[in-house]
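The values are calculated or read from the model by the stated rules, or taken from the named source; none is laboratory data. These numbers were taken from a predicted model, which means no experiment stands behind them. No Cβ is skipped: glycine too gets one built from the backbone with ideal geometry, and neighbour counts run over all protein chains shown.
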Amino acid sequence: MEGVANEVNYQSAFGTYKTSIKIEEGLVTYIRTMTMKGGKYPKDKYKELVMFFKSINKAEKTKIVLVSET
């Protein structure tokens, strides 16, 4: 496998987002977890919320390349 993405771990007042990749015996397991915290936030936190979602969006677009060994 080429181009394996790094693990991601974003934390903010709004929630968390994590990814991990495991490679074992020819099996690739990609795990992603997103947890959102409920609540009311002041409007001055809006830019922080947008940045949190932009970071997640960027991580979601990450690609890996699988190369055949045969």
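Things worth noting here:
- Selection within the range 13-54: residues that are polar (S, T, N, Q) and at pLDDT below 95. The member of this set that is farthest from the chain's Cα centre (by Cα) is THR29.
- Applying a threshold of 9 Å to beta carbon distances and a minimum spacing of six or more residues, or different chains, the list of pairs starting in the range 13-25 at a residue that is over 17 Å from LYS61 (Cα atoms) and ending at one that is among the basic types (Lys, Arg) reads ALA13/LYS37; ALA13/LYS45; PHE14/LYS37; PHE14/LYS45; GLY15/LYS37; THR16/LYS37.
- Contacts under 9 angstrom Cβ, first residue in the range 31-48 being of a type in the set (Phe, Trp, Tyr), partner surrounded by fewer than 10 Cβ atoms within 10 Å (Cβ to Cβ), 6 or more apart: none
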